[in-house]
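Please read the structure below before turning to the comments.
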């Protein structure tokens, strides 16, 4: 059993990281360029294909430029790896790895499919089935700021330094909102194991689409009568989703919040002094973080690998409630499709929304999202607690407490506003 | 200078949320994406696009038909309809050329030549296309209407030497140009 577990884990690690995520990283750079091009009425890289003319064929195969990431990689490896004389070498060399590694490490708790039974052993399609899923991701993913800050500091020149400092400040201000926004979700599920969270969602409806129940029926009469709480919960969960997604944008240094590397102000930001594969590593880290972010959003809010709409139990389960043998594959496909859709959403937002000013970014993090997430926790707690404490207590204590919290948050925001105005005059 | 005080626009509460504006932006980019994919991008037809966005894809499609008359491409020497090479090697272009791309070695026209009274013609005429900045000053300064900037723009070569246009090549590019002032003809 133990031996089998080790083999299975090794296969999962190799398969998931090297055969799925690394190509996905490469192709998300390609998608970034193609999707951005299409959004802006351009063409994008559509030339690199198989150079068949080199082997005596009449025409090159263009393949819509799908070989482009490979060419980029080759170019990255063949370029001169230049280290400026004024950098602090050890940190300068370590920084790209510090950026790329955490993103890949945090992948290991993401469940990418339902359990598969092979030779009588049940294999969970997650590399590390630990009970602290989201917390692990937050802990590891926030390490990647070290890479950026170190890169900024070790480069020993002004623009990278500013980029590093910005990244540090931004990460701190959004980490709080990120952590707080996921608490209502954890209140609702009552557990931190991501596989269990997804299994629950597969049976009872996605967190943002609670449209079906454990019987697998889409909308059914008794369901409407009994689970009104679920519909009410949509409000705090919606806020959670919004704050969480925006914080993930900030966490991965994506466009509306890409101040650490904004080209117009800081040349290239923290990676100004980097070239060739070290620079490419920063990029890989960024895209891997984006993939982890979208996978996490999909896992927590959009049902992870489940097909949804009651299809899981209707199509993929036997009458005893076990998964059919091909269910795992379909679930992996569903997970991948959802993640890719979310990556495309990330790209779409990047090429639509202009960059925030730095004070706007800070204000959004500390004054808006922090308060909103905090208030959201109380709201979710009240909605979850309401059936247990009874109607009277809800109205006597729950709602006044909620209003007081809301007012408190509002006045904190206002206080900040007043001070800002006083400074201007 | 009058000082214009610009008032910040007053935003409604829902505008303060910025979400409607972001949503609007997303819809606009999505519209562009869909139009681009359907080959109906705004202005695509006027710009002769390749069908994806408004971009013309270069080696397959070329802008030649749309080039304006005043386009400044490769400079070249011309002959007129009497097959006379118009350059008299006065070297004005050589002197005016800002990047010093033109090198002329003047030569004499033999006395038995029907155009002997022109006296001079270039022995060698080189334009270094690596140096040329396509300013058109040579054309402007030429008193003989001998050098013109053509509409060709795709000058390529694999060595520096290949990028130097010599006299034969320049006449080949320039060809015969009609309707010029033939001031060396006999008066009638």
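Coordinate-derived values only; no laboratory data. In this text, all values refer to a predicted model and were calculated from it rather than measured experimentally. Quick reminder, even Gly has a Cβ in these numbers, built from the backbone with ideal geometry, and neighbours come from all protein chains shown.
When the C-alpha atoms of region B:13-59 are aligned to their principal axes, what extent does each axis show, in angstrom, from largest down?
The Cα atoms of region B:13-59 stretch 51, 16, 15 Å along their principal axes.
Rounded to the nearest 0.05, what FRET efficiency is calculated for residue A:157 and residue B:83 with R0 set to 51 Å and r the Cβ-Cβ distance? Each step should come with its number before you reach the end.
Details: r = 64 Å, r/R0 = 1.25.
Between residue A:157 and residue B:83 the formula returns 0.20.
Return the calculated 222 nm mean residue ellipticity for chain A, to the nearest 500 deg cm²/dmol, obtained by summing -39500 (n - 2.57) across DSSP H runs with n ≥ 4 and dividing by the residue count. Mind dumping the intermediate values first?
On the way: 19 runs with 264 residues, N = 425.
Using -39500 (n - 2.57) per qualifying helix, the result is -20000 deg cm²/dmol.
Going by how many other Cβ atoms sit within 10 Å of their own, how do A:271, A:86, B:32 line up, fewest first?
Details: A:271 26, A:86 10, B:32 19.
If I rank by nearby Cβ atoms, fewest first, I get A:86, B:32, A:271.
What is the projected area of the convex hull of the Cα atoms of the protein assembly as shown, averaged over all directions, in nm²? Mind dumping the intermediate values first?
On the way: hull surface 177.9 nm².
Its Cα hull, projected and averaged over all orientations, spans 44.5 nm².
What is chain B's relative contact order, in percent, from Cα pairs under 8 angstrom and six or more apart in sequence?
Working: 259 pairs, mean separation 39.1, N = 188.
Worked out over chain B, it gives 21 percent.
Taking just the C-alpha trace of chain B, give me its Rg and Dmax in Å.
Reported Rg and Dmax, both Å: 27.0, 93.
What 222 nm value per residue comes from the helices of chain B, counting each DSSP H run with n ≥ 4 as -39,500 (n - 2.57) and dividing by all residues, nearest 500 deg cm²/dmol?
On the way: 5 runs with 41 residues, N = 188.
Roughly -6000 deg cm²/dmol at 222 nm, from the helical runs in chain B.
Let's test the formula: R0 of 51 Å, r as the Cβ-Cβ distance of residue A:265 and residue B:95. What FRET efficiency results, to the nearest 0.05?
Plugging the Cβ-Cβ distance into 1/(1 + (r/R0)^6) gives 0.65.
How many angstrom lie between the Cα centre of region A:1-73 and the Cα centre of region B:112-171?
Result: 49 Å between the Cα centres.
Cut-off 10 angstrom, C-alpha nodes, Gaussian network model of chain A. Which of A:183, A:297, A:123 fluctuates the most?
Most flexible of the set in this elastic network: A:123.
In what sequence do A:119, A:279, A:244, A:397 fall when counting other Cβ within 10 Å, fewest first? Let's see the in-between values first.
Values: A:119 6, A:279 18, A:244 28, A:397 12.
Least to most surrounded, the residues fall as A:119, A:397, A:279, A:244.
Of B:112, B:162, how do they rank once you tally other Cβ atoms within 10 Å and put the fewest first?
On the way: B:112 6, B:162 12.
Listing B:112, B:162 from fewest to most nearby Cβ atoms yields B:112, B:162.
Distance from the Cα centre of region A:143-179 to that of region B:22-85, in angstrom?
42 Å
Report, in degrees rounded to the nearest 10, the 0 to 90 angle that the Cα long axis of helix B:19-37 makes with the longest principal axis of chain B.
40 degrees
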